[in-house]
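The values are calculated or read from the model by the stated rules, or taken from the named source; none is laboratory data. Predicted model, so just to flag it, every value in this text is computed and none were measured. Quick reminder, even Gly has a Cβ in these numbers, built from the backbone with ideal geometry, and neighbours come from all protein chains shown. Accessible surface areas use protein heavy atoms only, side chains included; no ligands, DNA or RNA. Shrake-Rupley method; radii C 1.70, N 1.55, O 1.52, S 1.80 Å.
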Number of protein chains: 4
Amino acid sequence: MKKINAGIVGGAGYTGGELIRLLLNHPFAEISFVHSNSNSGNPLHKVHQDLIGETGIRFTGELSDDIDILFLCTGHGEAKKFLEKNNIPPHIKVIDLSNDFRLTANAFFHTTYTGIESEVVTRYFVYGLPELNKAQIQQAQNIANPGCFATAIQLGLLPLAKAGLLNEVYTTGITGSTGAGQGLANTSHFSWRANNIQAYKTLTHQHLGEIGQSLLQLQPNSNIDLSFVPWRGDFTRGIFISSTLHCDLEQAALKQLYNDFYAGHHFVCVSEEPIFLKQVVNTNKCVIQLEKVGSKLVVHSAIDNLLKGASGQAVQNMNLMFGIEEAAGLRLKAAAF
Amino acid sequence: MKKINAGIVGGAGYTGGELIRLLLNHPFAEISFVHSNSNSGNPLHKVHQDLIGETGIRFTGELSDDIDILFLCTGHGEAKKFLEKNNIPPHIKVIDLSNDFRLTANAFFHTTYTGIESEVVTRYFVYGLPELNKAQIQQAQNIANPGCFATAIQLGLLPLAKAGLLNEVYTTGITGSTGAGQGLANTSHFSWRANNIQAYKTLTHQHLGEIGQSLLQLQPNSNIDLSFVPWRGDFTRGIFISSTLHCDLEQAALKQLYNDFYAGHHFVCVSEEPIFLKQVVNTNKCVIQLEKVGSKLVVHSAIDNLLKGASGQAVQNMNLMFGIEEAAGLRLKAAAF
Amino acid sequence: MKKINAGIVGGAGYTGGELIRLLLNHPFAEISFVHSNSNSGNPLHKVHQDLIGETGIRFTGELSDDIDILFLCTGHGEAKKFLEKNNIPPHIKVIDLSNDFRLTANAFFHTTYTGIESEVVTRYFVYGLPELNKAQIQQAQNIANPGCFATAIQLGLLPLAKAGLLNEVYTTGITGSTGAGQGLANTSHFSWRANNIQAYKTLTHQHLGEIGQSLLQLQPNSNIDLSFVPWRGDFTRGIFISSTLHCDLEQAALKQLYNDFYAGHHFVCVSEEPIFLKQVVNTNKCVIQLEKVGSKLVVHSAIDNLLKGASGQAVQNMNLMFGIEEAAGLRLKAAAF
Amino acid sequence: MKKINAGIVGGAGYTGGELIRLLLNHPFAEISFVHSNSNSGNPLHKVHQDLIGETGIRFTGELSDDIDILFLCTGHGEAKKFLEKNNIPPHIKVIDLSNDFRLTANAFFHTTYTGIESEVVTRYFVYGLPELNKAQIQQAQNIANPGCFATAIQLGLLPLAKAGLLNEVYTTGITGSTGAGQGLANTSHFSWRANNIQAYKTLTHQHLGEIGQSLLQLQPNSNIDLSFVPWRGDFTRGIFISSTLHCDLEQAALKQLYNDFYAGHHFVCVSEEPIFLKQVVNTNKCVIQLEKVGSKLVVHSAIDNLLKGASGQAVQNMNLMFGIEEAAGLRLKAAAF
C-alpha cells in the first residue's frame, strides 16, 4: 500500500510537534515536509528536542504539491490566511487544527487555484469530531479539527443531547499548560504556574460556539444553556471536565445510553470506576464517568489536550478520510505516571 | 501581658504541625505542650522536620491542666472521644479542628468533670467562622473550627446569602494533597497524584452540612441547593473554588455587597483582578473575585487549606476568644511562588 | 511469523505495568498471562487504570508453561525465590528485572526441574545491557536486566572505560518517584515529595556493584573509584546523571569516542545540544551530552527509569534474544511535555 | 525605637518582591519607597499579587533621600550603573543583591556626590555572608549580598576551609525557577520546566568566583579546585547541594567542626537526620548534613534561594548593620509542604 504523504504547516508549534511524533510512527503515512519559516533548514530536533535520533527531516520554508493531505497547525486566524496566500491544489485534503472553520457559518472557504488554468475552488470543512460525524468525515475533503476543551466537553454530553436531555449544564474544566501553546507569557512562566490554579475566560471561552453547535445538531430546537468555567492547571498535558445537570434518568439507564452511543467508537471508554486525568495522558483516548446523586447527574470526562484534543484527533480524522483503520498510528503507550 | 498557654492534642498531624508553626511565632501565645502518644519524647522536628533549630519542645504523652486553651487536632470522630476520655477542666477553652461539633445538632457536649468534686460540664461549640460569627466567637468558650472546603465555599457565598440571593449553586473546588492528611494512600502516592486530577465525593462531600447550615443562618427559610464537585489537585496547599449561579444583581452592586459584608474582616480581600491560588498559599487570607456574565454570576475564592482552612483560622478564633488582635501571629509571608 | 508468547510475573507493580503497556502494542509478541496473586481474577485495568479499553486480559494466580519467555517483575530477592518455588521448564527463557542475578557472582542459578523426569537445570544470567553485551544477549537464555541508575550511569561512562580513561568519577543522579516502586512510604507521599529534593543512599547505592563490574569488564585491572550521590526528584519518570572526572582528551576526540562506541546502538544518542530529562521520558532512549572545561569532563546522561531503565530494556533484550529487530515495539512517542 | 527607613530599587522583580514581603512584617523597619520605573504609580499588588490587602504602598519612579538604607534589587550590572547615575547621599547604607561588588577586585565604588557641595564618595562593599563576615558586616556601610548558589555551597564548605581540609571538591546543585528571575525564556516556560531537569553553565557558573574567594579567605594559600555542576530543577523555590570530597576526619570530628563553626549562627542547622529541600523553603535557614563513607565526605546543604539566598540574607545583613537582633523579621513560618 502506498503511504499517505502528509505535509505539515506550522510544524514548530506544540500541535505540529505532536503531529510529527505521531506521523513518524504511523504505519500508513509518512511526512513529506514540515513547514516552518522561522526554522527553515534546521533539523526537527532543534525545536522538538525529543526527536533527536528519530528522523533526518528538516524544517523547510517551501511547500510541495506532492502530498495527499495538508495539516494546518498554525494559530487561530492563520489557517484561513495561509489558504488564501498559498496555491494549494484542490486534490490535496486539508485538516485544519485551528478554529477558523469550525462553525458552520465559517465552514465554506472559496479561493482561486492557479494550475494550468485558474479554477475557483470551494472547500467545505466538516467538523471533525469522529464520535459525532464519522460518516461525513469518511467522505470529507476538508476537516475542521475540534478544540481541546470542546472535544472533552462534547464527549461528555453528546449522548445526553442525542436523548434530548440537556437543558442547563454547569461545567468546570481544567487544562494543562500546553493548551495555551508555546508562547511565553506570565501565565506560562513556571514560577507562576507551578502549584497554582486560576480561572480564565469565565463563561466566555471561545469553544462555547462549537460545543453549542454540536449539541444542537443532536438535540435540535432546544434551549441548551452551558455555563463553562475553565481553569488553568499546574500540569502540562490533559483536560479534566466535570459537568453537572438535572437529569431524571437513573444510573443504569444512563450507562446504557452512553454505552450505546459510544459502541464502535474505539477511543471513548465509559468507566465504572472513578476516572482520573493520567489514565489518558499521552493517549488518544477519552474516559468518561457518570455519577448520579439525587436528581443531579455529574459527567466527568478526560482527554489529552494535544492528542484527542488536537493532533491525535487530526490523525484519527486522516485515518477515516483515507479509509484506513481508525486507530492506526494511535495505539499509544500511556505515560501512566 | 501574660501569654496564652496553649496545649495541642494530635500534634503530629498536618494541622497540628501547622498550628505549632504558628504558635511558635505568636506574640501573645506560647505552647505549653504538644501531645502525641506515638511520638512521645521525640523532639518536634523528628516529625515536623522544618522545625529543626526552632524549638526544644518535645512531644509528650501527658496532658497538663495548666493551660488556657486546648487545640484538638485529632481526626474526625476522635475529638469527641478525647473529651470523653480525658478529664479536661471546665475553665480550659477548647478549639476543635475536626468536624465533630460543627453542626448545631452536635454542638452541645456533656461530660462529668472530676476535680475536687464531680461536676457536670456542658460545652457548647460555636461554629468558628469569624466572618460569619465574630461576636459569638468573642464570647465563646468552645469553638468548632470549620472545614477547609467549607470555609472557602462559604466565604464566596455568605454575602449572597445575607442578601437572600441564593437558590441553585453549582460549585467546583480543587484541593491540595495536605487536605487529605498525612495518611498513606494510593491517592496520596506521588507517582499517582503528580500531574493528575480526579473528582471524589461528587455531590456528597461531608462539608455540605456545615455549608448549608451557615447559608441558612443568613438566608433562613430558603431552598438553597448547592451542587459541589470536589477535585483532588496536584499541589500540596490550597483550595480554589468557582461557584456559578443565576443572579440579577449587576457587577457594581455585587461588588458593593461583598465589600460591605467583608468590611472589618482583615483576612478576606475582594479582588478586581483575576485571582489565583498562590496569592494566598502560606497565608491566612481568602481572596474572592466576582465575574458577572449575562444573568450568571461566578464567584471564585481561594484559601490555604491548612491556614484559613484549618490551623490559621483556629488561631484567628483563639485571638478573638482572648480579646487580642484578630491578626496576631497571622501576618504571614506568602510563599508567592 | 508466530508471535513470541510472554508470561509476566509480578504484573501488578510499576515495571510489570510498563511491560504490559509495551507488549500489548508489540508487533511480534503477545501476552500469554499476567501473574499476580493478590489481583487474581481482576482485569488489568483495575490496577493499571490507563489500560481501560485496551485489553480483556485478567490477572491470574496460575502459571502456564505454554510461553516462550517469562519476565520476572518481582521485587529484589523475590525473583530467585520464585524460580526456586516454581517448576519452570528449561526451554522457557527468563528475563529478570530485579537485582538477583546481575553480579557475576550470582549469575548462575541451579534448580531441579520436574518434567516427565527430573533434571538439574542451570540457568546463567547474562547482564542485559545491550550496548555492552549485545552479542551475549543474542545468545542468552536468561537475562539479568540492569538497574535504572546503573543503566544511566554506565551508558554515560562505557566509552571512557573502553578507552581506559576512568579513574576517579564523581556522579550525581536524580530519579523520579516511580524508581522507588508503588509501595507507600513517607518519601513517596505527595505532600512530602512535591517540590522537594533529598539525597539518599549516599555513596552506598546498591547499583554500584553492577556499575563497577561493567566498567571493569571494559577497563580491566584498573582502579576505578565511583562516588555516586543519588537524589530523590519531584517528578515521576526519568533519571538524569552528571558525572565529573579528570580527562585529557579534547572535546572532538571525546565526541568521536562516543559516536564510535554507540554506532549501531539505536537507543543511545550523543547530543551536541544541552540535553534535558523530558527528551527521553516515555521513550526507550538514552541521551548523552559531553562537556569539557579545562581538564575536567562532565558527562550528562538521561533515561526513562521505567523504560530504558527497566521494562523497555527488558523488551529490547527480548528482541535481541529472539533475533527480531532490536527496536520492535519500542518506537514510542515521547511525552515531550 | 525609630524604625529603619528602607528604600527598594528594582522592586518589581522576584528579589524585590520578597524583600517587600519581609520588610512589611519587620518589627524594626519600614518601607519608605519601592522604586520601579515601569510600574510607577501602580499598587504593589499589581505586580506582587499576594500583597493584595497588605499595604497601600505604590511603586514610584522617584527616589527619596529620607532613608537609612537602600536595597538594590536590580539585575547584574545594573546596580553599579544605578549608583553612577543617581546621587545617593553618603550616609545612606546600601545593600546590593546583584553580583556587581562581590569580588574584592570590585568592592570599591567611587563616585561624586553632589550635596550642598560636591564630594568624592568611596563605598566599600563587604561581602555579606554573616556566617563568614559577621564582624565586618556589623561595621559595614555597604554590603554585597552573596549569590544564592554561592551561599548554599559556601555554608556547606566553610568549616572545612577553616580547618584547611579542602582540596578537590565535586559539587552538584539544583535550583528552583525563581533563581532565574521573572524573565520569560524557553527554560522558564512551564511546559518545558515541569517534570524536567537540565544541567547548565557546567563548571562555569558565575558564582564560582565569590565561592573561591571566601574559601581562600579561610584556607589561604591553598589550591582548592571546585567542580560545580548546576541543574535546573522543576520547582520554584530552593537550592539543594551535595559536595563530595576526600576527607580524613571521622564523622564525629566533622560534626564537632561544623557545630563549633556555626555556634552562634542562628540560621544554620547541622542535622543528624537526612535533610531535604522543603525543610527550609520559605525560611531564612540553611540545613546541613554530613555523610562520611570510607574516605569520602559528602556535605549536603539546602536553602531557599530567595531568602537565605537573596532577600532574607539582605535583611539579615541589615539587622547586623543596624545593631538589631539578627533574626528580626526573619522568623518565618516554613511552607513545610
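Below are the figures for this structure:
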{"read-out": "Condition met for A:Asp96 (in contact with a strand residue (DSSP E or B) (Cβ under 9 Å, 6 or more places away or on another chain), acidic (Asp, Glu), modelled with pLDDT of 95 or more and closer than 30 Å to A:Phe240 by Cα)", "value": "yes"}
{"read-out": "Residue identified as within 30 Å of D:Ser271 (Cα to Cα) and among the hydrophobic types (A, V, I, L, M, F, W, C) among B:Ile95, B:Ile69, B:Ile57, B:Ile116", "value": "B:Ile57"}
{"read-out": "Any hit, region A:157-174, residues being within 15 Å of the chain's Cα centre (by Cα) and crowded, with 24+ Cβ neighbours inside 10 Å", "value": "no"}
{"read-out": "Residue, most open to solvent (accessible area, probe 1.4 Å), within region D:283-315, restricted to residues that are within 20 Å of C:Thr187 (Cα to Cα) and at the interface with another protein chain (Cβ under 7 Å from one of its Cβ atoms)", "value": "D:Glu291"}
{"read-out": "Test: residue in region C:282-290 that is more than 23 Å from C:Val315 (Cβ to Cβ), among the β-branched types (Val, Ile, Thr) and assigned to a strand (DSSP E or B)", "value": "no"}
{"read-out": "Selection within region D:205-252 - in contact with a His (Cβ under 7 Å, 6 or more places away or on another chain) and β-branched (Val, Ile, Thr)", "value": "D:Ile241"}
{"read-out": "Subset of region C:145-171 (residues that are touching a helix residue (DSSP H, G or I) at 6+ places or on another chain (Cβ under 8 Å) and not in a helix (DSSP H, G or I))", "value": "C:Asn145, C:Pro146, C:Gly147, C:Ala163, C:Leu166, C:Val169, C:Thr171"}
{"read-out": "Test: residue in region A:260-282 that is in contact with a helix residue (DSSP H, G or I) (Cβ under 9 Å, 6 or more places away or on another chain), on the phi > 0 side of the Ramachandran plot and either at the interface with another protein chain (Cβ under 8 Å from one of its Cβ atoms) or open to solvent by less than 20 Å² (accessible area, probe 1.4 Å) (or both)", "value": "yes"}
{"read-out": "When residues of region D:91-129 are limited to those that are hydroxyl-bearing (Ser, Thr, Tyr), touching a residue at least 24 places away in the same chain (Cβ under 8 Å) and within 25 Å of D:Gly323 (Cα to Cα), the one surrounded by the most Cβ atoms within 10 Å (Cβ to Cβ)", "value": "D:Tyr127"}
{"read-out": "Test: residue in region A:320-336 that is closer than 18 Å to A:Ala163 by Cα and open to solvent by less than 10 Å² (accessible area, probe 1.4 Å)", "value": "no"}
{"read-out": "Test: residue in region C:100-112 that is under 18 Å from C:Gln316 (Cβ atoms) and in the same structural domain as C:Pro89 (by TED's automatic domain parsing)", "value": "yes"}
{"read-out": "Single condition C:Cys247 does not satisfy, out of (1) in contact with a Lys or Arg (Cβ under 9 Å, 6 or more places away or on another chain); (2) among the hydrophobic types (A, V, I, L, M, F, W, C); (3) more than 8 Å from chain D (Cβ to nearest Cβ); (4) closer than 18 Å to D:Ile239 by Cα", "value": "(4)"}
{"read-out": "Pick from region B:184-224, criterion farther than 21 Å from A:Gly176 by Cβ and facing another protein chain (nearest Cβ under 9 Å), ranking: most open to solvent (accessible area, probe 1.4 Å)", "value": "B:Asn186"}
{"read-out": "Total residues in region B:181-215, condition without any contact (Cβ under 8 Å) to a residue 12 or more places away in the chain and assigned to a helix (DSSP H, G or I)", "value": "5"}
{"read-out": "Matching residues in region A:80-92 - criterion: being outside any loop (DSSP other than H, G, I, E, B) and touching a Phe, Trp or Tyr at 6+ places or on another chain (Cβ under 8 Å)", "value": "A:Lys80, A:Leu83"}
{"read-out": "Every residue from region C:31-62 that is within 25 Å of C:Met1 (Cβ to Cβ), surrounded by fewer than 20 Cβ atoms within 10 Å (Cβ to Cβ) and more than 14 Å from chain A (Cβ to nearest Cβ)", "value": "C:Ile57"}
{"read-out": "Single residue of B:Phe125, B:Phe109, B:Phe149 found to be touching a Pro at 6+ places or on another chain (Cβ under 9 Å) and among the aromatic types (Phe, Trp, Tyr)", "value": "B:Phe149"}
{"read-out": "Enumeration of residues in region B:37-54 that are of a type in the set (Val, Ile, Thr) and within 14 Å of B:Gly16 (Cβ to Cβ)", "value": "B:Val47"}
{"read-out": "Cβ pairs under 6 Å, 6+ apart, first in region A:324-337 and more than 7 Å from chain C (Cβ to nearest Cβ), second open to solvent by 30 Å² or more (accessible area, probe 1.4 Å) and at pLDDT 95 or above", "value": "A:Ile324/A:Phe28; A:Ala328/A:Pro27; A:Ala328/A:Phe28"}
{"read-out": "Members of region B:23-53 found to be closer than 26 Å to B:Leu320 by Cβ and among the charged types (D, E, K, R), listed by number", "value": "B:Glu30"}
{"read-out": "Number of positions in region B:1-29 that are surrounded by 19 or more Cβ atoms within 10 Å (Cβ to Cβ) and at the interface with another protein chain (Cβ under 9 Å from one of its Cβ atoms)", "value": "5"}
{"read-out": "Residue in region C:68-79 that is aromatic (Phe, Trp, Tyr), under 29 Å from C:Thr204 (Cβ atoms), open to solvent by 10 Å² or more (accessible area, probe 1.4 Å) and not in a loop (DSSP other than H, G, I, E, B) present", "value": "no"}
{"read-out": "Some residue of region A:37-45 being of a type in the set (S, T, N, Q) and modelled with pLDDT under 95", "value": "yes"}
{"read-out": "Cβ pairs under 8 Å, 6+ apart, first in region D:69-90 and on the phi > 0 side of the Ramachandran plot, second open to solvent by less than 50 Å² (accessible area, probe 1.4 Å) and of a type in the set (Gly, Ala, Ser)", "value": "D:Gly77/D:Ser98"}
{"read-out": "Complete set of residues in region A:246-277 that are under 29 Å from A:Ser177 (Cβ atoms) and over 23 Å from the mean Cα position of the chain (by Cα)", "value": "A:Glu273, A:Pro274"}
